[in-house]
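Reviewing the structure listed below.
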Amino acid sequence: MTRRFAFVCDTIPPSTRSGQSAIIYRLLSELDPSTYCLISEEDYSGAPYSDREAPTRLTGVYRHVPQRFGARAAREHPPSGLRRWVARLRQVMGMLWRAGAIAGIVRREGCDAVLAATEPLTDLPTGYLASRLARVPFYAYLFDDYSTKWAGATARLFARVVEPLLLRSAAGVIVPNEFLAEELERRHGLEAAVIRNACDLAPYETEESDVPDYEGELRIVYTGVVYDAHFGALRNVLAMTPLLGGRSALLHLYTPTPVEFLVEHGLGDPVVYHGPAPLHAMPRIQRAAHILVLPLAFDSPYPQVIRTSAPAKMGEYLASRRPILVHAPADSFVSMYFRRHQCGLVVDEDDPNELARAVEQVVGDEQLRERLAANAWERARADFDLSQARAAFSRLLELDAIPEGGDR
């Protein structure tokens with residue numbers, strides 16, 4: 001039985017760098033704060049992460065363990081030539097030092113398990129080493145496919161080498177969907193626990209929102225971080241808007257990604273950039289959309305990650321009961337899920353013209369919109385209910401208390 005666990009992860013609430021932070025907030029926010037300790041490279045003790053500015057700050061203990069020996073700079077800005085080997089040595093030294101420091105926190109805080117996530121590259125092995133030093137069980141939380149998610153060849157090689165040891169030694173492995181679970185079973189012969197990226201459905205039930213008028217300008221909405229897993233697909237959405245037979249449509253991005261970075265990757269005018277929005281505002285924003293777009297790039301540097309990806313916003317989109325336009329490769333989990341359950345329209349060709357045809361189909365068929373909305377709400381309740389995810393998480397870690405609403 002686990003009384004308290006240490007969670008080694010750099011992107012934690014109240015960070016807005018990725019949907020991973022929202023997932024962690026939802027899973028842990030109803031737990032007794034004495035049952036967990038959050039350990040990160042980032043220092044979340046000051047601005048802009050103060051209580052007043054960060055409504056998603058958790059009430060548990062935060063511990064900051066920075067990198068040493070220039071390891072973080074070496075990871076984020078790898079040099080070339082002979083200096084590359086010095087940088088790699090720094091990263092190894094930094095990882096070993098951090099593991100020792102985290103093991104010390106684990107002991108002092110009375111933690112009897114270590115849970116580590118897959119971002120950045122060294123957090124998973126650092127968490128594993130800390131658990132060995134502290135002599136407590138190790139758990140792995142794979143938000144993505146760890147061994148294939150890295151763009152750099154050296155990082156991919158490192159992840160492929162260490163992944164079998166880390167996962168086969170784990171007391172439990174968490175993944176967000178069955179595609180990734182099946183992949184890990186094929187690679188390592190292990191059974192991972194599927195805990196979907198759930199969301200609180202209550203705000204989507206209570207949020208008052210009239211069904212948008214589909215006669216005027218179309219509001220196509222994307223919420224979340226934008227990076228190279230999305231660029232090509234979102235560029236197609238942008239290229240699609242002039243192809244709607246004179247119908248006006250605008251792509252609205254609610255994202256913490258800097259606008260300069262978006263423009264650099266072909267997502268400038270006429271995109272409507274809203275900046276980041278807080279978690280509590282998502283039901284209102286998503287329910288005000290005519291169409292919610294769920295894009296995954298066809299030209300990503302890591303196609304295996306795209307195939308097994310489960311975006312954090314997926315449950316939110318389903319709960320919003322607005323038409324969802326999935327634009328992703330045919331072999332991806334996302335395309336499979338929406339096609340199988342008929343809870344959104346899937347365009348799995350890298351073609352803006354096909355996107356335009358799908359949008360015209362949604363706009364012109366009210367019964368289709370109602371059917372998609374009903375199916376989406378059914379899937380949200382069946383697969384993405386937060387109480388089920390919290391209960392599964394607590395069972396896996398063998399926590400003393402199961403959150404309210406979950407069954408043992």
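The values are calculated or read from the model by the stated rules, or taken from the named source; none is laboratory data. Predicted, not measured: the structure shown is a model, and the values here were computed from it. Neighbour counts are summed over all protein chains in view; Cβ atoms, including those assigned to glycine, are modelled from backbone coordinates with ideal geometry.
Just checking, how many residues over the range 1-28 are of a type outside the set (D, E, K, R) and either modelled with pLDDT of 95 or more or assigned to a strand (DSSP E or B) (or both)? Steps first, answer last, please.
Our first condition is that a residue be of a type outside the set (D, E, K, R); within the range 1-28, this holds for 1-2, 5-9, 11-16, 18-25, 27-28.
Next, from what is left, pick out any that are either modelled with pLDDT of 95 or more or assigned to a strand (DSSP E or B) (or both): 2, 5-9, 23-25, 27-28.
Residues that pass the stated criteria total 11.
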In the range 142-161, is there at least one residue being β-branched (Val, Ile, Thr) and under 19 Å from Gln20 (Cβ atoms)? yes
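Listed here are the residues, each with its yes/no results for (1) more than 20 Å from the chain's Cα centre (by Cα); (2) of a type outside the set (Val, Ile, Thr).
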| residue | (1), (2) |
| --- | --- |
| Val221 | no, no |
| Gly232 | no, yes |
| Tyr254 | no, yes |
| Gly266 | yes, yes |
| Val271 | yes, no |
| Leu279 | no, yes |
| Met282 | no, yes |
| Gln286 | no, yes |
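From the list Val293, Val326, Val347, which residue is over 18 Å from the mean Cα position of the chain (by Cα), among the hydrophobic types (A, V, I, L, M, F, W, C), modelled with pLDDT of 95 or more and assigned by TED's automatic domain parsing to the domain that holds Leu234?
Numbers: Val293 fails: over 18 Å from the mean Cα position of the chain (by Cα); Val326 fails: over 18 Å from the mean Cα position of the chain (by Cα).
Of the residues listed, the single one that is over 18 Å from the mean Cα position of the chain (by Cα), among the hydrophobic types (A, V, I, L, M, F, W, C), modelled with pLDDT of 95 or more and assigned by TED's automatic domain parsing to the domain that holds Leu234 is Val347.
Take the conditions over 30 Å from Ala281 (Cα atoms), crowded, with 17+ Cβ neighbours inside 10 Å and out of contact with any Lys or Arg (no Cβ under 6 Å at 6 or more places or on another chain) and apply them to Ala155. Does it pass? Break it down stepwise before answering.
Values: over 30 Å from Ala281 (Cα atoms): yes; crowded, with 17+ Cβ neighbours inside 10 Å: yes; out of contact with any Lys or Arg (no Cβ under 6 Å at 6 or more places or on another chain): yes.
Considered against the rule, which asks whether it is over 30 Å from Ala281 (Cα atoms), crowded, with 17+ Cβ neighbours inside 10 Å and out of contact with any Lys or Arg (no Cβ under 6 Å at 6 or more places or on another chain), Ala155 comes out as yes.
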Can we say Leu165 is surrounded by fewer than 20 Cβ atoms within 10 Å (Cβ to Cβ), over 29 Å from Leu399 (Cα atoms) and not aromatic (Phe, Trp, Tyr)? no
Count of residues meeting criterion [touching a helix residue (DSSP H, G or I) at 6+ places or on another chain (Cβ under 9 Å) and either surrounded by fewer than 22 Cβ atoms within 10 Å (Cβ to Cβ) or farther than 19 Å from Cys199 by Cβ (or both)] in the range 297-310: 9
Does the range 250-287 hold any residues that are in contact with a Leu (Cβ under 8 Å, 6 or more places away or on another chain) and in a helix (DSSP H, G or I), and which are they? Leu262, Gln286
Close pairs from the range 10-28: first free of Cβ contacts under 8 Å to residues at least 40 places away in the same chain, partner charged (D, E, K, R) and surrounded by 23 or more Cβ atoms within 10 Å (Cβ to Cβ), Cβ under 9 Å, at least 6 apart: Leu28/Arg390
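What helices (runs of 4 or more DSSP H), lying completely within the range 288-375, carry at least 1 residues that are within 14 Å of Gly232 (Cβ to Cβ)? Even if it seems obvious, please write down each step before you answer.
On the way: elements: 303-308, 314-320, 333-341, 352-364.
Output list reads 303-308, 352-364.
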With the condition kept exactly as written, say whether any residue in the range 61-77 is under 23 Å from Gly315 (Cβ atoms), at pLDDT 75 or above and among the basic types (Lys, Arg). no
